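The structure under discussion appears below in the form of structure tokens.
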Amino acid sequence: MNRILVIFIALFFMFGCSSEEEEVSLDITKLGGEYLGESFPYGEAKLFLAGLIKDSYHLQNLVFSPDGKEFYFTRTTLDNDSMVIFYSRLVDENWTNPRPLSFIDGHNYTDPFVSPDNQKLFFSSDRPIKGTADENYYNFNIWFSERNNGIWGEPFFLEEVNSNDDEFSPTLSEEGELYFASSRSSAEGYWDLYKSKLVDGKFTQPERLPEPINSNARDFDPSISKDGNELFFSSDRNDGFGSGDIYYSKLIDATWSEPINLGGKINTNDHEYCPRISYDGSFLFFTRSNPSEKYFYQEKALDTRDPFEHAYIPEAGLSRVYWITIDSLSNVNR
């Protein structure tokens, strides 16, 4: 997800203008190997693909497929008019140039997540729900696509978990537990985390996660581990360093532990969000939005349940994706 703060992540990619499917102006075809050949970030968080950041557009929600041979991200324009999911594949030891997903149609697409079996792609979009009474009401919902001969098919609306409000950040455990964020009326902190379980091919009615996971602050961007026992998420609760921090909780005897702020190795007085656990469980990717000297003002949101009623947004491309080895986080009890 992340529409929260209308924050963008600038990581190196530029749209081309030669076709309807805009491409990223970034040549990564010479990059090869695991995690695009990046040196592993032991001990401290490091900028991912630091040498390739070169423009004022933004990227968020970077996530790898379970086999490590694909990576996906959301590209966002400065004015937030466009959110598009791009992907790249490892082919013959080299990564392909990122391209939009084939079903991108002019609506917004964000928060990609590949299921543990590598056969479904979950995401959030404001694409219309065809056949509904008001299919032109563009709130964000969770959708998924299935592979067909290696190609992602036309998306399905995940009716069981969506509401009349916004849903973002789907993430799935190996046991079929779907975690996501929603601004639905049962949320106490404008945004709360919810859980649904895949049973006989259908997801159950979502349940709001209990305290201490949810709070009267904004809790969003969940990332569940494959075994379903570790949860990273973002929140702007009072013990944070800045406008949003990343927290960790562990499932112990069927109860979530008190969330722990991941501290200064991750969080700053800026905005940290979009945590994503790597497919092998070794790394944590996250986004940091840095302030700029230039700002533009976002008018007060008409929807009072929006996570920020107003905000000064950095005008330059100063948001970045970082990563760190989870074992470097001393307060994460694994």
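Figures for the structure shown
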| read-out | value |
| --- | --- |
| Residue count for region 172-200, restricted to those that are part of a strand (DSSP E or B) and either within 17 Å of N141 (Cβ to Cβ) or among the basic types (K, R) (or both) | 12 |
| Within region 162-177, tally of residues that are touching a residue at least 40 places away in the same chain (Cβ under 8 Å) and surrounded by 18 or more Cβ atoms within 10 Å (Cβ to Cβ) | 8 |
| In region 268-277, the residues that are open to solvent by less than 40 Å² (accessible area, probe 1.4 Å) and out of contact with any strand residue (DSSP E or B) (no Cβ under 6 Å at 6 or more places or on another chain) | T268 |
| Pick from region 89-131, criterion in contact (Cβ under 8 Å) with a residue 60 or more places away in the chain and among the acidic types (D, E), ranking: nearest to S169 (Cα to Cα) | D111 |
| Test result for T29, among the β-branched types (V, I, T), touching a Pro at 6+ places or on another chain (Cβ under 9 Å) and either surrounded by 14 or more Cβ atoms within 10 Å (Cβ to Cβ) or at pLDDT below 90 (or both) | no |
| One residue from Y72, Y35 being open to solvent by less than 50 Å² (accessible area, probe 1.4 Å), out of contact with any strand residue (DSSP E or B) (no Cβ under 7 Å at 6 or more places or on another chain) and at pLDDT 90 or above | Y35 |
| Subset of region 259-289 [in contact with a helix residue (DSSP H, G or I) (Cβ under 9 Å, 6 or more places away or on another chain) and part of a helix (DSSP H, G or I)] | K265 |
| Answer from S145, S169 - the residue that is in contact with a Leu (Cβ under 8 Å, 6 or more places away or on another chain) and either farther than 23 Å from D280 by Cβ or part of a strand (DSSP E or B) (or both) | S145 |
| Y295 being open to solvent by 10 Å² or more (accessible area, probe 1.4 Å), among the aromatic types (F, W, Y) and either over 25 Å from D117 (Cβ atoms) or at pLDDT 95 or above (or both) | yes |
| Residues (on the phi < 0 side of the Ramachandran plot, open to solvent by less than 10 Å² (accessible area, probe 1.4 Å) and at pLDDT 85 or above) located in region 40-62 | P41, F48, L62 |
| Output for region 236-267, where each listed residue is in contact with a strand residue (DSSP E or B) (Cβ under 7 Å, 6 or more places away or on another chain) and polar (S, T, N, Q) | S243, S249, S257, N261, N267 |
| Qualifying residue in region 196-216 (condition: at pLDDT 95 or above and touching a helix residue (DSSP H, G or I) at 6+ places or on another chain (Cβ under 9 Å)) | no |
| Region 207-227 residues that are more than 14 Å from N238 (Cα to Cα), paired with ones that are open to solvent by 80 Å² or more (accessible area, probe 1.4 Å) and outside any loop (DSSP other than H, G, I, E, B) (beta carbon under 7 Å, 6 or more apart) | none |
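The values are calculated or read from the model by the stated rules, or taken from the named source; none is laboratory data. These numbers were taken from a predicted model, which means no experiment stands behind them. We place every Cβ from the backbone using ideal geometry, glycine too, and count neighbours over all the protein chains shown. Accessible surface areas use protein heavy atoms only, side chains included; no ligands, DNA or RNA. Shrake-Rupley method; radii C 1.70, N 1.55, O 1.52, S 1.80 Å.
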